[in-house]
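The values are calculated or read from the model by the stated rules, or taken from the named source; none is laboratory data. Not measured: the values here are computed from a predicted model. Neighbour counts run over all protein chains shown; Cβ positions are idealised from the backbone, glycine included. Surface accessibility is based on the protein's heavy atoms, side chains included, excluding ligands, DNA and RNA. Shrake-Rupley method; radii C 1.70, N 1.55, O 1.52, S 1.80 Å.
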Amino acid sequence: MFQPRIPVNPLPTGIVTPLLQPTVTADMAPHHTTDTAACNHHHVLATPAPVPVPSSAVRLTPAGLAVVVAGGAGAVLVVGTVLVSMLLAVAVSAASVAVCAVVLRSLLNGQRRQR
């Protein structure tokens, strides 16, 4: 009951492709046979398409740089607005609690004097 059970799939689920594909290099010469009478057409080697090399450097256009700067400035303004509004909410709450404390103190002092 407490032993893990690993499912076994006896049938293949799809075509397995290798991770590394064989590539044709320029150093390899085509294989020619001495029997040229049976084949009268021209053989052309298939050349692989050039693979683009990924660049490690990030390149920004002036418009992209302007968008990044504007986005950063907007984020700073939004975060600043949120923080200032939270500080203002705390200050208003503290002021209202102080006013309530003063009013309650004066009411309690007024009741003690009337007795």
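Things to note:
- Contact map, the stretch 60-74: residues that are at pLDDT below 90 paired with residues that are surrounded by 10 or more Cβ atoms within 10 Å (Cβ to Cβ), Cβ distance under 8 Å, separation 6+ or inter-chain. Pairs shown: Leu60/Val68.
- Single condition Gln3 does not satisfy, out of (1) at pLDDT below 65; (2) open to solvent by 100 Å² or more (accessible area, probe 1.4 Å): (1)
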